[in-house]
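Single-structure report; data block below.
The values are calculated or read from the model by the stated rules, or taken from the named source; none is laboratory data. Quantities reported herein were computed from a predicted structural model and do not represent experimental measurements. Glycine gets a Cβ as well: all are built from the backbone with ideal geometry, and neighbour counts include every protein chain shown.
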Amino acid sequence: MRLEGIHHVTCITADAPRNVEFYAQLLGLRLVKKTVNQDDPTVYHLFYADELGSAGADITFFEYPHARRGRAGAGMVHRIVWRVASEQALDFWERRLADAGVETQRADGSLRFADPEGLELELAAVETLDEPLVALHRHIPPELALQGFDGVRAYAADAEASRPFLEQVLGFEPQGTGCYKVSGERRGSLYRYDPAPAEPGAGGAGTVHHVAWSSLPQDHEAWRRRVARAGARPTPVIDRFYFRSIYFREPSGVLFEIATIGPGFATDEPLEHLGERLSLPPAFEHLRERVEPLLTPLPNPRA
């Protein structure tokens, strides 16, 4: 029983229209689902991914309008890393981001920058046998596009305290000090720790809420039992309609989710029209007339 790398990373934004402009129009991801936070249906939950809405390429955002800027600290993911195919892809992104007024830092094999709310992002030129998870965009050649997640970096006050849980319970494989790889038959991802800053973290716009790891549907209940036996106190299995989830905190404090691969985002709308309208799971459909007027009007990036 193996986790299939990252499923999705969920973050917080205070400005959904600007968020769509940055992630869909500038970074070239596809807005694959426009729905609501199922724990607070008065706010958006936006999902961006590759062309098929695949697990492994899916960054999501809760929109809390006018939320103040957050700050990553101990027990929080502070950087999201995507794969690209080559140094030539990094050249392309360095120019594209500069043309959009985004400051970047180039290092050997990587390009670092931040989104408009300060969320740390990185592109890494990675050689891998994993399938590239690419969205179509008229101004971004597919061979230069983002190819799905390579991993995330988290702050920890004591990274060593998490090692037994990550290795023995979740099956993460050590890759050196403070770095782990988690991979199944289809895909893999890295999870790295950095020393925590002295200042405590604060959730808010521009911060990561949680990172989700991919489970085969038939393994999901077994993962919950394993996590519970290790004392991590997982939630009950929650049906999110597009996947099923459990949540818990790993010993360093980072909020983890284990989410099933499927049923997927084409469950309630055609693949060719993903993300074009507000999608509400059946349990929330009765709220449509009350909820839609509360949500910020958003453009269709592919209009």
(message) Considering only residues that are assigned to a strand (DSSP E or B), within 18 Å of A212 (Cα to Cα) and not polar (S, T, N, Q), which ones fall in the range 54-66?
(response) D58, I59, F61, F62
(message) Consider the range 39-87. How many of its residues are without any contact (Cβ under 8 Å) to a residue 40 or more places away in the chain and among the acidic types (D, E)?
(response) 3
(request) May I ask you to say which residue of E185, E127 is over 16 Å from the mean Cα position of the chain (by Cα), modelled with pLDDT under 95 and within 18 Å of W82 (Cα to Cα)? (result) E127
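Residues checked against (1) at pLDDT below 95; (2) charged (D, E, K, R); (3) in contact with a Pro (Cβ under 7 Å, 6 or more places away or on another chain); (4) over 30 Å from R69 (Cα atoms):
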residue: L190; (1), (2), (3), (4): no, no, no, no
residue: G204; (1), (2), (3), (4): no, no, no, no
residue: V227; (1), (2), (3), (4): no, no, yes, yes
residue: P234; (1), (2), (3), (4): no, no, no, no
residue: Y247; (1), (2), (3), (4): no, no, yes, no
residue: A283; (1), (2), (3), (4): yes, no, no, yes
residue: H286; (1), (2), (3), (4): yes, no, no, yes
(request) Being free of Cβ contacts under 8 Å to residues at least 12 places away in the same chain and among the basic types (K, R) is the filter here, so list the residues in the range 196-228 that pass it. (result) R225
(request) Considering each residue of the range 132-143, count those that are in a strand (DSSP E or B) and over 15 Å from A24 (Cα atoms), and give that number. (result) 0
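If the requirement is being of a type in the set (A, V, I, L, M, F, W, C), without any contact (Cβ under 8 Å) to a residue 60 or more places away in the chain and either touching a Phe, Trp or Tyr at 6+ places or on another chain (Cβ under 8 Å) or not in a helix (DSSP H, G or I) (or both), which of these qualifies: L146, L129?
On the way: L146 fails: without any contact (Cβ under 8 Å) to a residue 60 or more places away in the chain.
From the options L146, L129, the qualifying one is L129.
May I ask you to verify whether P116 is assigned to a loop (DSSP other than H, G, I, E, B), in contact with a helix residue (DSSP H, G or I) (Cβ under 9 Å, 6 or more places away or on another chain) and surrounded by fewer than 23 Cβ atoms within 10 Å (Cβ to Cβ)?
Yes: the conditions hold for P116.
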(request) Within the range 12-34, work out how many residues are more than 16 Å from G118 (Cα to Cα) and either basic (K, R) or touching a strand residue (DSSP E or B) at 6+ places or on another chain (Cβ under 8 Å) (or both). (result) 8
(message) Given the condition closer than 20 Å to T60 by Cα, crowded, with 22+ Cβ neighbours inside 10 Å, among the hydrophobic types (A, V, I, L, M, F, W, C) and out of contact with any Ser or Thr (no Cβ under 6 Å at 6 or more places or on another chain), answer yes or no: does some residue in the range 150-157 qualify?
(response) yes
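Those residues that are closer than 19 Å to R18 by Cβ and either among the charged types (D, E, K, R) or assigned to a loop (DSSP other than H, G, I, E, B) (or both), I need them from the range 279-303; list them, please.
L295, T296, P297, L298, P299, N300, P301, R302, A303
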(request) Name, by its number, the condition in (1) buried (at least 24 other Cβ atoms within 10 Å of the Cβ); (2) in a helix (DSSP H, G or I); (3) more than 15 Å from the chain's Cα centre (by Cα) that does not hold for E94. (result) (1)
